[in-house]
Amino acid sequence: MKAYEALYILDTELDEESRQKLIEKFKSIVENGGELVNLDEWGRRRLAYPINKKNEGYYVLMDFNSDSNVQMELERVFKITDGVMRFMVVNKDK
């Protein structure tokens, strides 16, 4: 298993319940095939540049250990999920 770090930005227009459902969804994907090490909600922050005419986003950082299949599945789900403005998954071992 390799160590990964995923940082994703959620749309601030989502209500608290919807935001928590998305966070739980991503967390469960990791836990089904790997081990969640840390989940850190940074909260609402100003973006470095506007994304879709929005200046703020809700940042979440997730550290986990898994094989590459979980990492690929997580990226696939990030891409197709409404409410995810940006994401980045990095292999920490490199």
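Annotations for the structure displayed:
- Residues within the range 15-32 that are buried (at least 16 other Cβ atoms within 10 Å of the Cβ) and not charged (D, E, K, R), tallied: 5
- Scope the range 60-77; condition among the hydrophobic types (A, V, I, L, M, F, W, C) and part of a helix (DSSP H, G or I); matching residues: 70, 72, 74, 77
- Residues located in the range 25-59, provided they are among the hydrophobic types (A, V, I, L, M, F, W, C), part of a strand (DSSP E or B) and more than 17 Å from residue 92 (Cβ to Cβ): 42, 47, 48, 51
- Between 10, 14, the distinction of being not in a strand (DSSP E or B) and not polar (S, T, N, Q) belongs to 14 only.
- Given (1) within 18 Å of residue 27 (Cβ to Cβ); (2) modelled with pLDDT of 95 or more; (3) buried (at least 17 other Cβ atoms within 10 Å of the Cβ), index of the condition residue 77 fails: (3)
- Restricting the range 28-41 to residues that are touching a strand residue (DSSP E or B) at 6+ places or on another chain (Cβ under 6 Å) and free of Cβ contacts under 8 Å to residues at least 40 places away in the same chain, the residue that is nearest to residue 72 (Cα to Cα): 34
The values are calculated or read from the model by the stated rules, or taken from the named source; none is laboratory data. Being a predicted model, the structure only gives us computed values, none of them experimental. So basically every Cβ, Gly included, is an ideal-geometry build from the backbone, and we count neighbours across all protein chains shown.
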